[in-house]
1. Among Lys50, Lys235, what is the fewest-to-most ranking by other Cβ atoms within 10 Å?
2. Please state the charge dipole magnitude for the range 154-285, taken about the Cα centre, from unit charges on C-beta atoms (+1 on K and R, -1 on D and E), reported in debye and rounded to the nearest 20.
3. For the chain, with a Gaussian network of springs between Cα atoms less than 10 Å apart, report the residue from Ala62, Ala243, Ala95 with the top mean-square fluctuation.
4. Test of understanding: ordering His76, His215, His185 by Cβ neighbours within 10 Å, fewest first, what list do you get?
5. Only helices at least 18 Å long along their axis, Cα-based, and averaging -0.5 or more on Kyte-Doolittle count here, so list those DSSP H runs from the chain.
6. Loop-only GluC sites (Glu not before Pro) in the range 216-286, please: DSSP not H, G, I, E or B, and at most 12 other Cβ atoms within 10 Å.
7. Assigning unit charges at the beta carbon (Lys, Arg +1; Asp, Glu -1) and nothing else, what dipole magnitude in debye, to the nearest 20, does the chain show about its Cα centre?
8. Which one, Thr200, Gly255, Ile226, projects farthest toward the positive side of the charge dipole computed for the range 183-260 from Cβ point charges (K/R +1, D/E -1)?
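No lab work stands behind these numbers, since they all come straight from the coordinates. Small disclaimer: the values here were computed from a predicted structure and weren't measured. Cβ atoms come from the backbone with ideal geometry, glycine included; neighbour counts cover every protein chain shown.
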Amino acid sequence: MIQQTAMLAALELRSFGGQRTDRDVTAEVHSSHNASDGAGRYVASLIPKKFLDPIQKNRSAAYALHKRLTMAWGDHGFGLLPVVLLDKHRNAMQAAKDKDDALIRDLIRDYPLAKAEAKIIRNGMYHEEDYPSEAELQASFRFRCKYMPVPDGGAIPEMIHDSYRHDLERELNERIAEEFDNAHHDLIGRVKESVGRLSTSLREFDERAGKRKLHESMLSNLQEMIELGRAMNLKKDQALEIALNQAESIFAYQGLDKDTLRDDPVIRADVRRVSDATLDALSKIL
C-alpha cells in the first residue's frame, strides 16, 4: 500500500516582497500622460535587491531540492515523498531553514543600512511609513516543511451512515489511485527528460562537429535521477527498472566525464546509442 511506502510533503515559504505600490507617483504619471486611473501603477522597491537576494537564492535552492525529492501530487502544494527519502528530505530542509534563519537575522541587522541606501535611491519617493518595523519584517518570513500521511479510504469515520461512507471510501480510493498514477507518470517523465538532455547534447555535439559545449551536469544530474528513480519507483514498475538499469550502464566506463565524451568518439557514440535506446524504452512506458 502506498500509505506504507510514502508520505506527503509540502514546503511553505512566505517572504517580505520588498515592494509597494506608490499611489502618489502612480497618480503623477497618470496625470502627466492624461491616463485613466486603471492605466497602470508604479511599484516601488523599498530596499535594494542585494539585501534580499541571499534569502531568495537559499529558498529557491531549497524549493528546487524539495521538488526533486518528491513527485507530483494534487493541486495543494504537496508532493509524494517516498519513505526511503524522508531522512534526506528532512535533513536538507532543516539545513536550508537554519541557513534561512541566519540570513534573516543578517537582514534584520542590516535593515537600518538598507533603509539608508533606499533613502538615497528613492530620494523624494522615500516615505518612512512605507517600511515595516524590524519585528514586522521578521514576522513576514516563514519557512516551514509540512508532512502528512497519504489519505486512506478506510479512514472515513464510522459514524457516517453506511449509505454515504462506502461511496466516500470508493471515491477517495479512486482519487488516491489516480494521483498515484499521475505521480508515477511524473517520475517516468523526469527520468526521460534527464536521459534526453544527455542524448540531445551528444547529438548536437556531433552535428556541430564538436562546437557544442558539453557540461558535467548532464552526467551528474542523470546519475542523481537514476538513484531517485529507484527510490521513487513505488509501483515496482519492472519496465522502468529495466530502463534505469540501461541508463546506468552508461557509467560502466571508468571515470566517464564530459572530457571523455568530447575526446573519445567511440565512447561518445556508445553512450549516445545507449541513451537513445533508453529514451525509446521510456517512451513506450508513458
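1. Listed from fewest to most nearby Cβ atoms, that is Lys50, Lys235.
2. The calculated dipole for the range 154-285 is roughly 740 debye.
3. So, out of Ala62, Ala243, Ala95, the one fluctuating most is Ala95.
4. His76, His215, His185
5. Counting only whole DSSP H runs, the qualifying helices are 217-232, 265-285.
6. Sparse-neighbourhood loop GluC sites (Glu not before Pro): Glu216.
7. 860
8. With unit charges placed on the Cβ atoms, the residue in question is Thr200.
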